[in-house]
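For reference, the structure discussed in these notes is given below.
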Amino acid sequence: MSESPIARRYAKALVELCTETKNHAVIGKQLESFAQTWSSSEDLQALMKNPVVPLADKREVLTRIFSRFLFAPTTRNFLLVLLENERIAQVEEITQAFASQMDELSNRTRATVTSAVPLERSDLARIQNALQRLTGKTVVLDARVDPSLIGGVVTEIGNIVLDGSVKTQLQSLREHLLV
Amino acid sequence: MTTVLNRALATLGAAAATLTPAAALAAEHGEAHGQFGLAEAFYILNFVVLLLVLYFWALPRARDFLVKRHDQAKAELVEAGRLKAEADAKLAEYKRLMAGLEAEVAKIREDFRADGERERARILAEAEESATRMRATAQKQIQQETAKLRAELEHEVVAQVLASTEAKVRAQLNAGTQREMANDYIQGLESLEKLDQFAA
């Protein structure tokens with residue numbers, strides 16, 4: 001998901017707020033939780049996007065959700081600001097922008113490692129080390145399994161894809177044969 | 001003046017010529033009857049008056065009439081001559097045209113024939129061009145269809161080859177080979193100097 005300037009602006013404001021309170025990690029996780037709830041609940045989205053529903057009622061619904069998830073005051077206030085500014089529908093985008101900015105601040109980057117069969121911990125560690133050496137940043141790995149790869153490993157880091165899968169090799173072979 | 005004198009002399013001459021037999025007749029009658037009577041003189045005088053009237057009144061008019069008739073006839077003759085000349089000219093023109101008619105007909109026939117030939121040539125050329133175009137289109141379509149079929153066939157063959165290859169690869173893949181492939185990948189990653197050097 002690409003980040004819009006608005007999402008980056010809100011994320012930057014939240015990052016600055018968290019710098020004061022030094023609770024980036026907690027806020028980040030709570031934002032992710034809310035974003036997941038938002039994306040999985042069409043009812044919640046419909047309610048929040050409905051212009052007929054009074055703002056007070058929307059606040060009330062959000063407050064109940066905050067109570068259930070035990071959100072920190074910073075998270076609560078930020079989400080209520082998004083609601084009042086009619087930006088709550090962009091919460092997923094803002095969450096992603098917040099994570100990106102936090103990663104940047106922490107000299108950290110995220111990589112997705114996908115393999116046809118589960119990799120051993122040692123293999124993941126070797127990949128992580130190699131990527132950290134190549135990027136000069138702390139790499140947070142997200143390991144996934146995709147049997148459609150047939151064999152091999154695919155690593156995505158930023159805009160770069162390091163594809164060593166059999167699926168891609170067969171695809172290359174197909175393109176080569178059809179030229 | 002001379003004309004009047006001449007005319008008077010001519011009248012007197014005519015009267016004398018006329019009266020001579022009359023006088024002779026009267027003398028004869030007189031001799032027969034013995035004298036020339038008043039009635040006879042009146043007849044003669046009456047006759048003379050008639051002659052004078054005829055000469056001085058009727059004759060000029062008759063002459064004028066005749067002169068006019070003459071002039072009219074002359075003019076009509078001239079006009080008739082002109083018309084005849086025109087008619088002759090037209091006749092000559094018609095004769096000339098008639099003489100050239102055969103040639104004209106032949107020329108028209110030749111023109112028609114030439115036009116027909118040109119039209120035939122044009123139609124043939126158009127038909128030839130159309131046929132060439134159709135042949136080219138058909139050839140192009142055949143080439144396209146052939147290329148399409150060839151591509152489809154190639155795709156089919158490639159798909160079968162790939163399916164067969166994939167099946168063989170899957171059959172040969174086991175935990176060991178998967179591990180080996182992952183290890184090769186990681187070694188490749190570890191040997192990189194930069195991220196964009198990676199080649200699968």
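Quick notes
- Taking the criterion of being surrounded by 12 or more Cβ atoms within 10 Å (Cβ to Cβ) and of a type outside the set (S, T, N, Q), the residues of segment A:30-54 that qualify are A:Leu31, A:Glu32, A:Phe34, A:Ala35, A:Trp38, A:Leu44, A:Leu47, A:Met48, A:Lys49, A:Val53.
- Condition met for A:Glu92 (assigned to a helix (DSSP H, G or I), open to solvent by 50 Å² or more (accessible area, probe 1.4 Å) and within 14 Å of chain B (Cβ to nearest Cβ)): no
- Qualifying residue in segment A:128-147 (condition: of a type in the set (A, V, I, L, M) and at pLDDT below 90): no
- Checked against the criteria, A:Ile27 counts as at pLDDT 90 or above and either open to solvent by less than 60 Å² (accessible area, probe 1.4 Å) or under 19 Å from A:Leu105 (Cα atoms) (or both).
- Residues of segment B:163-180 classified as part of a helix (DSSP H, G or I) and open to solvent by 50 Å² or more (accessible area, probe 1.4 Å), total: 11
- Members of segment A:122-153 that are out of contact with any strand residue (DSSP E or B) (no Cβ under 8 Å at 6 or more places or on another chain), surrounded by fewer than 17 Cβ atoms within 10 Å (Cβ to Cβ) and either of a type in the set (Lys, Arg) or not in a helix (DSSP H, G or I) (or both): A:Arg133, A:Gly136
The values are calculated or read from the model by the stated rules, or taken from the named source; none is laboratory data. All of these numbers come straight from a predicted model, not from anything done at the bench. Cβ sites come from the backbone with ideal geometry, for glycine too, and all protein chains shown count toward neighbours. We work out accessible area using only protein heavy atoms, side chains counted, and drop any ligands, DNA or RNA first. Shrake-Rupley method; radii C 1.70, N 1.55, O 1.52, S 1.80 Å.
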